[in-house]
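The values are calculated or read from the model by the stated rules, or taken from the named source; none is laboratory data. Computed from a predicted model, the values in this text were never measured in an experiment. Cβ coordinates were reconstructed from backbone atoms using ideal geometry, including for glycine residues, and neighbour counts include every protein chain displayed.
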């Protein structure tokens, strides 16, 4: 039902888009026709002027109103035959109103002696003359051409409110300048020492690109991970947080991870589901020394983390 | 269905849409009929009819101020045998303007013309082109007509009156004679309150509606319904009515008699008392009566 409404609305929009230029074209042509008619009327009247008995005060001539009115009637008969939309109404104050029109123009013929004023009434077009079947046909054609676009537009529109209902999922912001980790939604900050901070940034970056490598406490750290951690430690030195030489990240790894977990616990206190993404898994069950244990972040993606001062 | 339509990408659709919009504009523009035809001449100032004769090159030119009379006369003369023998076409001109009659009469263009005696005399057309009176309408008298009192022909009377006159200077009863009277009474015409009208009927309307106190016109049958015959004052002796003049380049008496007969018949058909009281000139009267005998 919704789909039908959308198609009807699109049809109306297309129809309007075609109908407006069509009507505008009709209007302009009608105006130009009127202008031409007025010019022809003026020419005819100017040529007939010596034969009309119009009043002339300078010569004490009263004028023959009846013959002038007859002349105008004959004139309008000719205009009707030629399908003109203009009619002559008044010549020099001698008025003849057959069917009163709402619209008229006044023209002045500058004849030698007294100027001759005339009123020409103009017929406006009927509303039906502005309409045509062509815009409807074109609108239907364009509905057919754009049907798939309309369908997509509809479904997207119906999805948007569903997304909006869900609250924004928080992400983790790691600020190297302030040495804190921040929850983007609740703005909860937790400071972290240099070593765990570097290691965590390196770990998250490493895990987004190398998901298949298993990180185990019993093994050495992969070279890439160490390099990344060193790189971020150098960055911390640059930022002036420490002057000590870089630590060995393989030493007391479990302690480093614990510090990280503790900080994450604080930051994501309200969102345990979200925390799982960032949380280096703890070893449990048969023993923390299990060869199968993997402390890497399995589900992290680059959009989950924002690093400030990288 | 979706797979065929994937062919129409957004870019293609937008291009087509713009083209279609421009096309719609031109379609609308061309759907209105262009009216750019000049208006033809529709004012009639003359009429031509063919006689049954063979003298195609000869035209009988008539001038009559009134369109109705002009058409009646040409219709009658076209059917006449004598006219058919001599002329191929009868062309009749009419016009309300004074200038027209001056052209036709003063230049001798018209063969037959209905004119007033004073104009004929002014152009000396009787001697220049040998225009001969064929038939004349009855003489009449010019009057001042008032609504509520009998007009007095003295200076004091006119000075505070509103006077209705005709606006064309060839009219004797409505223009020339009253103005001549004012001159005789030593009245400066500029000091009079004169309202002009276009016709004798127009004058009567002015008087009846009270816009003027008195008018200069003739007395015709039917006027007593509106005005009182007691409240009229003659301005002059009877003046001759309009006359039909025929140009007699040669002594074409046949034509004269034919024209006279037709005009006489026409006058008798006319319901107006003024137009059916006619006076015949020339000796055709005798010829006609002899034929009748």
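Miscellaneous remarks
- Residue identified as farther than 30 Å from residue B:86 by Cβ and either touching a strand residue (DSSP E or B) at 6+ places or on another chain (Cβ under 7 Å) or without any contact (Cβ under 8 Å) to a residue 40 or more places away in the chain (or both) among B:247, B:220, B:243, B:229: B:229
- Failed condition for residue A:83, given (1) in a loop (DSSP other than H, G, I, E, B); (2) surrounded by 17 or more Cβ atoms within 10 Å (Cβ to Cβ); (3) facing chain B (nearest Cβ under 10 Å): (2)
- The single condition among (1) at pLDDT below 90; (2) over 22 Å from the mean Cα position of the chain (by Cα) that residue B:145 does not meet is (1).
- When residue B:162 is tested against (1) over 24 Å from residue B:278 (Cα atoms); (2) in the same structural domain as residue B:271 (by TED's automatic domain parsing), just one condition goes unmet, and that condition is (2).
- When segment B:51-74 is filtered for residues that are assigned to a strand (DSSP E or B) and either free of Cβ contacts under 8 Å to residues at least 40 places away in the same chain or not assigned by TED's automatic domain parsing to the domain that holds residue B:131 (or both), only B:59 remains.
- Checking each residue in segment B:15-33 for being surrounded by fewer than 12 Cβ atoms within 10 Å (Cβ to Cβ) and over 17 Å from residue A:16 (Cα atoms) picks out B:15, B:33.
- Residue within segment B:199-208 that is over 30 Å from residue B:280 (Cα atoms), more than 14 Å from chain A (Cβ to nearest Cβ), out of contact with any strand residue (DSSP E or B) (no Cβ under 9 Å at 6 or more places or on another chain) and exposed (fewer than 13 other Cβ atoms within 10 Å of the Cβ) present: no
- The residues in segment B:104-154 that are touching a strand residue (DSSP E or B) at 6+ places or on another chain (Cβ under 8 Å), assigned to a helix (DSSP H, G or I) and within 24 Å of residue B:87 (Cβ to Cβ) can be counted, and the count is 5.
- Matching residues in segment B:34-59 - criterion: being within 14 Å of chain A (Cβ to nearest Cβ) and under 24 Å from the mean Cα position of the chain (by Cα): B:40, B:41, B:42, B:43, B:44, B:45, B:46
- In summary, residue A:24 fulfils each of the numbered conditions (1) more than 7 Å from chain B (Cβ to nearest Cβ); (2) modelled with pLDDT of 90 or more; (3) surrounded by 15 or more Cβ atoms within 10 Å (Cβ to Cβ) with the single exception of condition (1).
- Each residue in segment A:211-234 was checked for being part of a loop (DSSP other than H, G, I, E, B) and in contact (Cβ under 8 Å) with a residue 24 or more places away in the chain, and 9 pass.
- Of all residues in segment A:45-65 being assigned to a helix (DSSP H, G or I) and in contact with a strand residue (DSSP E or B) (Cβ under 9 Å, 6 or more places away or on another chain), the one that is nearest to the other protein chains (Cβ to nearest Cβ): A:65
- The set of residues from segment B:249-271 being in a loop (DSSP other than H, G, I, E, B) and either more than 15 Å from residue B:71 (Cα to Cα) or modelled with pLDDT of 90 or more (or both) comprises B:249, B:250, B:251, B:252, B:271.
- Test: residue in segment B:214-227 that is over 23 Å from residue B:159 (Cα atoms), assigned by TED's automatic domain parsing to the domain that holds residue B:172, more than 24 Å from the chain's Cα centre (by Cα) and assigned to a loop (DSSP other than H, G, I, E, B): yes
- Given (1) under 19 Å from residue B:43 (Cβ atoms); (2) loosely packed, with under 15 Cβ neighbours inside 10 Å; (3) touching a residue at least 40 places away in the same chain (Cβ under 8 Å), number of the condition residue A:3 does not satisfy: (1)
- Of all the residues in segment B:127-137, those that are free of Cβ contacts under 8 Å to residues at least 40 places away in the same chain and closer than 15 Å to residue B:251 by Cα number 1.
- Residue A:10 being away from chain B (no Cβ under 11 Å) and in contact (Cβ under 8 Å) with a residue 60 or more places away in the chain: yes
- Restricting attention to segment B:5-33 and to residues that are facing another protein chain (nearest Cβ under 8 Å) and in a loop (DSSP other than H, G, I, E, B), the residue that is farthest from residue B:85 (Cα to Cα) turns out to be B:6.
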